[in-house]
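These notes concern the structure reproduced below.
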Amino acid sequence: MAKASETPILPDRITKVAARLATNAALGLPFFLIGVFGITAANLSDLSLIFLAILILGAAIVAIGFYGSVLTRPSPTLMPDEQIHQLRHPSMKPAMARIAMSVPFFLAAAYVIAFTYLPYVYPFAVFLAGLFLYLRGVIRYWINHHTIYYVTNRRVAHAYKFLWLDTTEIPVGSINAISETRNFIEMLTGRGSVLVASGISDRHTVRMQEIDDPGPVAQAIRAQIPDRRQPPG
């Protein structure tokens, strides 16, 4: 019976890993294309070292993405009487938005190099601006993919597992502050953050950042907090 119940797990795992590998390969592909184009273009031979560095950057993105693709996400470890009420991952929308915002910079840099006679410092500066946005988006994608938040009948927890493992949890009986925040863009896109605290230090705080529909999460946390009011004497 155990083997029969475990049969669907392996194909599902392979499918998810393959999808993540394809995504991370796509994230590194633009730098491969830019690097190969710059190295092989005869009129850009004096910039070959820069394009080689871009090619290596693409390889690094794919390599780190491969590591993240085969690495399992963190999962809750529950006590026998513990039940999960909310389990969330950060939204990928902010990461993808940063990546999308970088595309016009890359296209502008390519246009200046290919169709104008401006000094290379100008397209290089535009390219660096796009690279900054792109890497911020890629790093946020990796972090969000390997981050989970969960609310149980006993605790509120945050877990991150990628280059290292980091977990923070607060027993529901120790919670003394809950706040829900949304900026203007988050209100338009249905996202927000929930902050739970039992003290003032980072180790006494769980930040559930950039999650979709944070209202039910905050409500689930409030429902678990015991009533500390003393009965009238």
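The values are calculated or read from the model by the stated rules, or taken from the named source; none is laboratory data. Since this is a predicted model, take the numbers as computed values, not measurements. Cβ: placed from backbone, ideal geometry, glycine included. Neighbour counts: every protein chain shown. Ligands, DNA and RNA are stripped out before the accessible areas are found, and what is left, the full protein with its side chains, is counted by its heavy atoms. Shrake-Rupley method; radii C 1.70, N 1.55, O 1.52, S 1.80 Å.
Considering the chain as a Gaussian network with a 10 Å cut-off on Cα pairs, which listed residue, Arg88, Arg98, Arg222, attains the greatest mean-square fluctuation?
Most flexible of the set in this elastic network: Arg222.
Cβ under 11 Å from Met79's Cβ, Met79 left aside: what net charge do those residues give with Lys, Arg +1 and Asp, Glu -1?
On the way: positive: Arg154, Arg155; negative: Asp81, Glu82.
That sum, taken over residues with Cβ under 11 Å, equals 0.
Determine, from the Cβ-Cβ distance of Leu165 and Ile185 and an R0 of 45 Å, the FRET efficiency 1/(1 + (r/R0)^6), rounded to the nearest 0.05.
0.90
What's the local net charge at Gln224, with K and R +1, D and E -1, over the other residues with C-beta under 10 Å away?
Net local charge, Gln224 excluded: +3.
Helix 93-115: angle to the longest alpha-carbon principal axis of the chain, degrees 0 to 90, nearest 10?
Computed tilt is about 10 degrees.
Using only Cα atoms and rounding to the nearest 10 degrees, what angle (0 to 90) does helix 121-145 make with the longest principal axis of the chain?
With both axes taken from Cα atoms, the answer is about 30 degrees.
With springs connecting C-alpha atoms under 10 Å apart, model the chain as a Gaussian network and identify which of Ile143, Ile185, Ile84 has the largest mean-square fluctuation.
Ile185
When ligands, DNA and RNA are left out and all protein chains stay put, how many square angstrom of accessible area per residue does the chain have with a 1.4 Å probe?
Per residue, the chain has an accessible area of 59 Å².
What does the charge count around Thr147 come to, taking other residues whose C-beta lies under 12 Å from its C-beta (Lys +1, Arg +1, Asp -1, Glu -1)?
My count for the surroundings of Thr147 gives +3.
Can you list the chymotrypsin sites (Phe, Trp or Tyr not before Pro) in the stretch 36-117 that are in a DSSP coil and have 12 or fewer other beta carbons within 10 angstrom?
Hits after loop and neighbour filter: Tyr117.
Hey, if you drop one equal point scatterer on each alpha-carbon of the chain and run the Debye formula without solvent, what base-10 log of I(q)/I(0) do you get at q = 0.10, 0.17 Å⁻¹?
Treating every Cα as an identical point scatterer, log10 I(q)/I(0) equals -0.64, -1.22.
For the chain, modelled as a GNM with alpha-carbon contacts under 10 angstrom, which of Met101, Met208, Met79 fluctuates the most?
Answer for the Gaussian network model of the chain: Met79.
Mind pulling the angle between the C-alpha long axis of helix 215-224 and the longest principal axis of the chain? Nearest 10 degrees, somewhere in 0 to 90.
So the helix axis and the longest Cα principal axis differ by about 30 degrees.
Sequence gap at least 6, Cα distance under 8 Å: using those rules, report the relative contact order of the stretch 72-136 to the nearest whole percent.
It rounds to 37 percent for the stretch 72-136.
Could you check how much of the accessible area of the stretch 105-233 is carbon and sulfur, as a whole percent, using a 1.4 Å probe?
Details: 4620 of 7400 Å².
Roughly 63 percent, rounded to a whole number.
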